[in-house]
Structures are given as C-alpha cells and as structure tokens.
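The values are calculated or read from the model by the stated rules, or taken from the named source; none is laboratory data. Just so it is clear, the structure is predicted and the values come from calculations on it, not from any experiment. All Cβ positions, even for glycine, are placed from backbone atoms using ideal geometry, and neighbour counts span all protein chains on display. Side chains are part of the model used for accessible areas, which takes the heavy atoms of the whole protein and leaves out ligands, DNA and RNA. Shrake-Rupley method; radii C 1.70, N 1.55, O 1.52, S 1.80 Å.
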Amino acid sequence: MTVTRFAPSPTGYLHVGNLRTALFNALIAARAGGTFLLRLDDTDRERSRPEYAAAIEEDLRWLGLDWARIERQSDRLDRYAVAAERLRASGRLYEAFETPEELEVKRRIARAAGRPPVYDRAALALAPAEKDRLRAERGGHWRFRLDRERVEWADGILGPVSIDAGSVSDPVLIRGDGQVLYTFASAVDDLEMGITDVTRGADHVTNTAAQIQIIAALGGTPPCFAHHSLLTGPEGEALSKRLGSLALRDLRAAGTEPLALLSLLARLGSSDPVEPRASLAEIAAGFDLARFGAAPTKFDPAELVALGARTLRSLDLAAVSGDLAALGVPEAERGAFWEAVRGNVATRAELSGWWRICREGPAAPPPAEEAAFLAEARALLPERPWDGGTWAAWTGAVKAATGRGGRALFQPLRRWLTGLDHGPEMARLMPLLRVTPPADG
Ligand code: GLU
C-alpha cells in the first residue's frame, strides 16, 4: 500500500513552495488509494514552535489536504536512540570531536591541495583514551560512516540519479548536545512508518544518497524517491525573496481560492495544462509525477489570481453558501443571487459589494442630465415583486415611450438601479433589488 508523508519543520509558516511538496505527496496517496501522513520534523527544540505547528495544520485544513495521522519527531526520540545504537553496534555510527573551526581548517587545506572538502574520518583512528579525553573536554557528535560507493536510484522526476558517496562528508546524525538531526530522524521514520514514496524538493538530493545508505544499514528497503524542482518567481528569481507575501496564510487572507491554488500547483512545471478543478479528487485523477520536469518552475501570483476567478465562477451554490449566509443573504435568495453575480466576481470578497447594491441601493446617484429620462422610466417601472421578466418588460415599455434603444436605453437604467456602468445581467439582478432610487439622484 502506498504511504506518503509531508514532513515540514515547524520553524515558520508554510509557503507556496512547501505546499507543492505537501500537495504532491497528498495526490500520490490519493491516486493510489493510499495513506498520507503529516509528520512534524521538530527535533530542533530551539527553532520549533507549537504556534507554527498549529499554523501548519490550519493551513493544510484550509486547503482541504487531510492527513490520516500526525506524527511528531519529538515524540519518537526513543526510537532514534534505538536505531543509533544499532548503527553503533554495526560500526556505522562513530563519535567525532572536531569543532566547527577545526573542520573549517581541514576543508581549507583540502581545497588548497585540490581535494574535495570531505571529512577525513580522523576520528575513526582515535584511541579509546583519547576519545575519553576529548569527550570530557569538548563533547562529541556522531557521524554516519558512508559506504564510499555510488548510490543510485530511479528518481520519480529526475530519472536515474547517481551520487558518489565518496564525494560527500560522513553526515553528522547526532549533535554534541544530543539533538538528533533531520537526516537521521527522517530515515528512521520513513523506514518505521512504512513510507513507500518520498517526494520533496531538489535541495534534498544529496540527503537522499545518505538516507538510502542509513535505511539499508538499518536493514530496510528505501522508499521511491522523487525530487521536484524548486519554485522561482515569475522572472526566475529566487522565491525566498518573495516568501513573505507567499505564505499560505497571507494568500488565504488575500481571498485566494484554495482549489485554484491546488489546481495551479498540481500542474505548474508539468507538461499538462493548468485548468480550474472542482475538487481534490479531480486534481488527483490527472496527476502524474512523470510529467514534471527538472527545470526550475516559475510561479506567478497573477496567474493564481486569474485562476482564482475562474475557479470561483465555476463553483456551485453549496461551495459559496457559507459566504452568502455570512453576508446575510436569505436562504431563499442565495441561489438567485449566486446565479446573478457569479460571472462578475473575481474573489469572494467582491460578493459583498453586489449584495449591498441589492439591499441598500446604488452606490452612486445617476448623472443629472438623465433626470428627465429616468423620471419617465420610473413612472413605467412595474409594481413589485419583480421577477426574471421584469427587466425586458420594463425596458420594452421605456423604449416605446421614449424612442431610445440600445446602449442609450439600457445603460442609464442599469446605472440608475446599481450605480455602476457594468455588472450582472439586469434580468437576473432586478428581482433581488430592494431599493427603488429617486430619479433625480
Ligand atoms: N523537514 C524537511 C524539510 O522541511 C523534510 C524533508 C523531507 O521531506 O524529507 O525540508
């Protein structure tokens, strides 16, 4: 059975880049009828915050990305201790004592000698007494002894990948202060939680080589890995510069349609066209990792806004009735109101302007030069209640009485009733209007 996970660190708010990872993993599980887990990578006690963890859950719920179970790495420290003990016993985890400064000197020497700046494993040669002395003096950290061979995997997006583990330093898995680092905790979790598919950003490719070896050293079979390209801004600039404005909570506050955001991110960077979709199931149905390319993917907020409007317009009444109820639209009129205005709103926030016109009348008076015409038109206005035929009957009568036609007929009447020069079909809107304005403003 397919099991995927989204594994953010609760050290900040989620942004569109994180969402891409979350969504891909949710879609892979959904397509396969599998399980999608939310895992909080919170072993960094200083930087992880409960409020960020809560925000991650809230943001994912807003988007309708449901997880089967939540796991917290901070609850699993005993599991990492057991796994570390196994690696120690098999000689794959060794204690090292270099300070950051000493490591920097080693790297500089290696570079000067034309060698790659890979940790030299000097700690492996230390005698027990020397280790005791260094441990007492400065404390030690724990490194994973990589097998110096090529690590290869068939990446779900990048295709065949081959990394020379000999060109990578043995990764530190446990810090001097005991903190278990992501590389290790994640590998233990992926193994013990039965994760079958790991999809994440291309910045993790080197970690993958180490994690494949860690999982194998723990007796497991690595999951299928896929690394998606990173998002950039519309000009190809690093998205990090814009992340402030692309946090999911900011997009939510700006009235972003969740389904538009999901529809966009599920196709951006793939060979499939971006189309507004009505549900996550619909998005999942056409989703295929193999259709994504390795090149950086441009994210343009303007495209999101446009897709948001298309998405909103395609929604049925049930999807907006909560917003209409909040505006005070009576239940009996919600369907008629939504049909009238759906083509004229780009965001849900714009619903209120139209409802105000329906209940409170036009936002602006008509131009003074139309006063005589409007007085005549007002006298011909049918009695309420108005229905879907009122506009045609009324404009027909006004046309017959005044001789006006076309734009010169319709425009001033629309303007008089709504205060605007454009908007929903008047035949649909008229039955919803409660205010008959004075003809002379
Ligand atoms: N906590 C890691 C991150 O946010 C997870 C990476 C992974 O999916 O393994 O980058």
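With the simple model of a label 7 Å out from the Cα in the direction of the Cβ, Q411 to A364 spans 1.3 nm. With contacts taken as Cα pairs under 8 Å and at least 6 residues apart, segment 255-400 reaches a relative contact order of 20 percent. For K399, a cut-off of 16 angstrom between C-alpha atoms picks up these aspartates and glutamates, skipping any fewer than 8 places away in its own chain: E370, E376. Per-residue surface analysis assigns H204 an accessible area of about 50 Å², computed on protein heavy atoms at 1.4 Å probe radius. For the chain, the longest principal axis of the Cα atoms and the long axis of helix 77-89 meet at an angle of about 30 degrees. Taking A165, A210, A122 as the candidate residues, the one with maximal mean-square fluctuation in a Gaussian network model of the chain, Cα springs under 10 Å, is A122. Taking amide hydrogens as placed 1.01 Å from N in the peptide plane, the amide H of Y119 sits under 5 Å from those of S169, D170, each at least 5 positions away in sequence or on another chain. Over all other residues within a Cβ to Cβ distance under 11 Å of A408, the charged ones net out to +2, with Lys and Arg as +1 and Asp and Glu as -1. The slack between R47 and W62, meaning 0.36 nm per residue of separation minus the straight C-alpha distance, is 2.9 nm. A viscosity of 0.890 mPa s and a temperature of 25 °C, combined with the Kirkwood radius over Cα pairs in Stokes-Einstein, give a translational diffusion coefficient for the chain of 93 µm²/s. Counting 0.36 nm for each residue step from R150 to T347 and taking away their Cα separation leaves a gain of 65.8 nm.
For segment 193-249, what value does the Rg/Rh ratio take when both radii are computed over Cα atoms and Rh is the Kirkwood radius, given to two decimals? Dividing the radius of gyration by the Kirkwood radius yields 1.14.
Would you please give the FRET efficiency between D78 and L103, computed as 1/(1 + (r/R0)^6) with r the Cβ-Cβ distance and R0 = 45 Å, to the nearest 0.05? Efficiency, from the Cβ-Cβ distance: 0.90. Largest GNM mean-square fluctuation among A281, A332, A29, using the chain with Cα springs under 10 Å: A332.
Find the centroid of the Cα atoms in segment 61-106 and in segment 372-439, then give the distance between the two in whole Å. Cα centroid of segment 61-106 versus Cα centroid of segment 372-439: 71 Å apart. Mean-square fluctuations from a GNM of the chain, with a 10 angstrom spring cutoff on Cα atoms, peak among L264, L27, L103 at L103.
Dividing the summed helix terms, -39500 (n - 2.57) for each DSSP H run of n ≥ 4, by the number of residues in the chain produces a 222 nm estimate of -13500 deg cm²/dmol to the nearest 500. Rounded to the nearest whole Hz, the Karplus-based 3J(HN,Hα) values (6.51 cos²θ - 1.76 cosθ + 1.60, θ = phi - 60°) of segment 272-288 follow the sequence 8, x, 7, 10, x, 10, 8, 7, 5, 4, 5, 5, 5, 4, x, 8, 8, with x at glycine and proline. Note on segment 1-104: along the principal axes its Cα atoms extend 47, 32, 25 Å, ordered by decreasing extent. Between E275 and A54, the FRET efficiency from the beta-carbon distance, with R0 = 51 Å, is close to 0.95.
What the phi angles of segment 35-50 give under the Karplus curve with 6.51, -1.76 and 1.60, with θ = phi - 60°, is a coupling list of 10, 10, 10, 9, 10, 8, 7, 10, 7, 7, 5, 6, 8, 6, 10, x Hz, glycine and proline written as x.
Each of E192 and A127 was given a label point 7 Å from its Cα along the Cα-to-Cβ line. The distance between the two points is 3.8 nm.
In this structure, D203 and A427 have a Cβ-Cβ separation that, at R0 = 60 Å, corresponds to a calculated FRET efficiency of about 0.60.
For L380 and R69, the difference between the fully extended length at 0.36 nm per residue and the C-alpha to C-alpha distance is 105.5 nm.
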